[in-house]
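Accompanying notes for the structure given below.
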Amino acid sequence: MSSLDVIKPFYSLLPQVANPEKRLGFKEKLKWTGIILVLYFVLAEVSLFGLSPTAVDQFAQLRSVMAGSFGSILTLGIGPIVTASIVMQLLVGGKLIDLDLSSTEDKAAFQGTQKLLAIIFTLFEGAVLVITGSLPPISGEYTLILILQMVLGGILIIYMDEVVSKWGFGSGIGLFIAAGVAQTILVGSLNFLPTAASSAPAGRIPGFIYSLMTGQPNFGLLIPVIATIIVFLVVVYAESMRVEIPLSYGGVKGARSKYPLKFVYASNMPVILVSALFLNIQLFAGLFQSVGFPILGEVSQGQAISGIAYYLSTPSNISVLFTDPLKVLIYAIAFISLSILFALLWVEISGIGSKQVSQQLSKMGVQVPGFRSSKVQFRRIMDKYIPTITVLGGAFVGLLAFVADLTGALGGGTGVLLTVGVVYRLYEEIAKEQLMDVNPMLRRFLGDE
């Protein structure tokens, strides 16, 4: 019996995106991914009705990571989904909820509860943003209308993510982050339209060319572009790093292969989770201040100016390193430490921990040369590698995201980091799908039918 059976009547009432009745081909998955991506961009252009023109984006520094579009019905982005994921990971990881995620029933309970929590957080976050004045209505009668619009957008995001996960490539969360950051990079680097304050182009590259033509070259305009390229190259290199464990097939003489363990083993999910956690701290700081108890710090004009909220707000300019080194140090330690923690939790919950991998290899009938083929032996071998690369990989992506944000990279350093990781993994999944479409025997061997 699952420990979540008490709330099963609630999440079982939620609409579900049906699973495909048969394995989807490459073109079918590509079609659904494209449809959801177009729908995302369309919804991002639907403005919130009744929003005051004086509204300031309090979470501009985390906007790309949360895949939200400020001022639209997708203002909340993936924030509620990721917040629900954090809560469930902490509850399961801390053994406050006893679930065996290798069990189909318990996994369904986990996913159903997470969806229910995501909808609850959508309502909560939308209400807090409006009530605390982060998204002020033009008048009091528009308060409920604003909240309902954001709740609608948040729920649409939840189900769009589910459609991509079941019918498309990768996950909706990754797809929406990549789409938003890619748009920001293109506009920020290549926009030829002039800014409101001057006749110079708004884009970094056209702006630099304009400065050369006027005889006042401004090389500082290119720093975010260069930083973006450097982050891109570092992440691609890190994604290609891996530890390869040799395998042999007992029943086939001379047949050998390798089991790859990526250096960035938990992918970039820890960074998404940490960013969402910091966003919620900013959110609660505004909420507590509005009721007269600023225990997390004070917020002024949408920006944290003191307390925990201030020290955990993203330092998006390298100048902060000199003006407030203590803030940078505290933020770096917190970001990297939490990235490691969430990496460890994510590996266990997503089914790629030592125990799960050992069971998978044992069922395949393979063995590591020089060792017996048994779950116990596989577990010993995996315990030497997986926990270590999980910690190192989590620390690496946390450090890289922190440094990238300091450089002021286009789309946000963390956003670029996540986007490159998402695109890289999407490329791998698409290549795998195409390979299996061409080789049906390989599909049967991998058990993907």
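The values are calculated or read from the model by the stated rules, or taken from the named source; none is laboratory data. All figures in this text were calculated on a predicted structure; none of them were measured in a lab. Virtual Cβ from ideal backbone geometry, glycine too; neighbours counted across all protein chains shown. Calculation scope for accessible area: heavy atoms of the full protein, side chains included, ligands and nucleic acids excluded. Shrake-Rupley method; radii C 1.70, N 1.55, O 1.52, S 1.80 Å.
Observations, loosely collected:
Yes/no matrix, rows are residues, columns are (1) touching a residue at least 24 places away in the same chain (Cβ under 8 Å); (2) within 20 Å of residue 427 (Cα to Cα):
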residue: 149; (1), (2): yes, no
residue: 156; (1), (2): yes, no
residue: 172; (1), (2): yes, yes
residue: 175; (1), (2): yes, yes
residue: 178; (1), (2): yes, yes
residue: 190; (1), (2): no, no
residue: 194; (1), (2): no, no
residue: 198; (1), (2): no, no
residue: 204; (1), (2): yes, no
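- Whichever residue in the range 231-272 is of a type in the set (Val, Ile, Thr) and touching a Ser or Thr at 6+ places or on another chain (Cβ under 8 Å) and, among such residues, is modelled with the lowest pLDDT: 231
- Residue 83 vs. criteria in contact (Cβ under 8 Å) with a residue 40 or more places away in the chain, among the β-branched types (Val, Ile, Thr) and crowded, with 21+ Cβ neighbours inside 10 Å: yes
- Number of residues in the range 382-407 that are over 19 Å from the mean Cα position of the chain (by Cα) and either among the β-branched types (Val, Ile, Thr) or not in a helix (DSSP H, G or I) (or both): the value is 4.
- Condition check for residue 329: under 26 Å from the mean Cα position of the chain (by Cα), modelled with pLDDT of 85 or more, surrounded by fewer than 17 Cβ atoms within 10 Å (Cβ to Cβ) and over 26 Å from residue 57 (Cβ atoms): yes
- Among the residues making up the range 302-317, a single one is open to solvent by less than 40 Å² (accessible area, probe 1.4 Å) and either assigned to a strand (DSSP E or B) or in contact with a Cys (Cβ under 6 Å, 6 or more places away or on another chain) (or both): 304.
- Identification of helices (runs of 4 or more DSSP H) wholly contained in the range 1-93 with 2 or more residues that are within 24 Å of residue 275 (Cα to Cα) and not polar (S, T, N, Q) yields 26-43, 79-93.
- The set of residues from the range 265-301 being part of a helix (DSSP H, G or I), open to solvent by 50 Å² or more (accessible area, probe 1.4 Å) and polar (S, T, N, Q) comprises 289, 290.
- Positions within the range 103-119 being charged (D, E, K, R) and crowded, with 18+ Cβ neighbours inside 10 Å, in sequence order: 106, 115
- Any hit, the range 120-128, residues being surrounded by fewer than 23 Cβ atoms within 10 Å (Cβ to Cβ) and more than 18 Å from residue 156 (Cβ to Cβ): yes
- Pairs with Cβ under 8 Å, 6+ apart, first in the range 373-393 and under 14 Å from residue 245 (Cα atoms) and without any contact (Cβ under 8 Å) to a residue 60 or more places away in the chain, second part of a loop (DSSP other than H, G, I, E, B) and open to solvent by 60 Å² or more (accessible area, probe 1.4 Å): 377/371
- Members of the range 345-358 that are touching a residue at least 60 places away in the same chain (Cβ under 8 Å) and open to solvent by 60 Å² or more (accessible area, probe 1.4 Å): 346, 348
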